[in-house]
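Shown next, in structure tokens, is the structure this report addresses.
Rule-based calculations on the coordinates, nothing more; no lab input. Keep in mind the model is a prediction, meaning the values are calculated, not measured. When we count neighbours, we look across all protein chains shown, and the Cβ atoms used for this are built from the backbone with ideal geometry, even at glycine.
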Amino acid sequence: MAGSSSSLGKGKLGVFSIVFFVVAASAPLVGMTGAVPVAMVLGNGAATPGAYLMAGITLLIFSVGYAAMSNHVTNTGAFFAFVGRGLGARAGVASSYVSLVAYITVQLAIYGFFGLVMNLTMAEYGITLVWWAWALIAWVLATLLSILSVDVGAKILGTLLIVELLSLVTVAIAIFAKGGPEPINLGASFNPANIFAGGFTGTAGIALAFAFASFIGFESTAIYGEESKNPKKDVPKATYLAIIFISILFALVSFAMVVGMGSSKAVEGVLARSGDLADPAGVLFSLGGDFVGSGIVDLMKILVLTSLFAGLLAFQNAASRYFFAMGRAGVMPGKLSETNSAGAPQRASLVTSLIAGGVIVIFAIGGLDP
């Protein structure tokens, strides 16, 4: 391959570029419209915002050790290199396969969800296609972006995320400014007694499970170490910033949702606005419509799609870099460690895309639901 090498593009990413990839993987708007309402009903109701804050604090403590490891090992294989250095090559290889399968599986799930949501959204504008056609369109775009310079993807993700976050913050500020049906009750949402009510095997455990799931991909900061400007400083900073940002964002916006419905009636409010959880997104959308206006609802429906696509690209990059690292280490074919003139792991990215595209095609041929 002309212009190929075995080195990723160095010095292309700064701290905030890495944070963009991590936050994109967590898909904030998707989490707010899908996970938060379910966590409130099945978990601890009005105390759900506290669960997100508690999850963030826990992961922040964990990240101290994780960041320390990144100071000693800079490798795009992340867990592959960390576990291999500490427990030996065999354990490192095992962890790399687990990580790789996890990233690809999550990406496949997002493709299916993207196709479904895109189909429903476009149908409102009179445009109808089968879900897998939309998924394949996203697949083509994700593939093309993954073989360009990594900073191109970071800029696109950054732009999409800023608009997405502005929409969430706008709704939250409007709710706090106008006030809900009850006075703001911080204790109902952030008192530890309420957060842990029901125990870890009960409602508290359910709320915390959803909260921790919203931080998916936070560990991927180490994946971009080789492409960062200063790995020993940028990776730890990006890890801390990503966790702090995600925890505050989810806690703040979910608390605004509680305020908008009333702390004592949060669960009832979610059920009423979502049709007994048949449409979880209806909670945030209806609150946005009530406190801001219909325009923000139309915007957020589109931004859910861009949020999902941002997640697709983030997991595409993560999986391809694991393929790259494993090829470079000789665990997989060495060709996977070749990069193009932009410093992108082109062969590894194409393999990642072939797997995802193959699964989409199988579902399409079989007439299967996403």
Q.
Below 28 Å, Cα to Cα, which lysines can Lys12 reach? Residues fewer than 8 away in the same chain don't count.
A. Lys155, Lys229, Lys232, Lys233, Lys237, Lys335
Q: For the chain, find the longest principal axis of its Cα atoms and tell me its angle to the long axis of helix 281-291, 0 to 90°, nearest 10.
A: 60 degrees
(Q) Using a Gaussian network model on the chain with a 10 Å cutoff between Cα atoms, which of Glu268, Glu124, Glu219 fluctuates the most? (A) Glu124
Q: Can you tell me the relative contact order of the chain? Whole percent, Cα pairs under 8 Å, sequence separation 6 or more.
A: 39 percent
Q: Calculate the length of the line joining the C-alpha centroid of region 51-73 to that of region 307-370, in whole Å.
A: 27 Å
Q: For region 181-301, just list the percent of Cα-Cα distances falling in each 10 Å bin from zero outward, please.
A: 11, 31, 32, 18, 7, 0
**Q.** Eligible lysines near Lys265 by straight Cα distance, threshold 23 Å, same-chain separation 8 or greater
**A.** Lys178
(Q) Taking the number of other C-beta atoms within 10 Å as the exposure measure, put Arg347, Arg321 in order starting with the fewest. (A) Arg347, Arg321
**Q.** Cα-only radius of gyration and Dmax that characterise region 172-238, units Å
**A.** 18.6, 51
Q: Could you pull the Cα extents of the chain along its three principal axes, largest to smallest, in whole Å?
A: 63, 49, 33
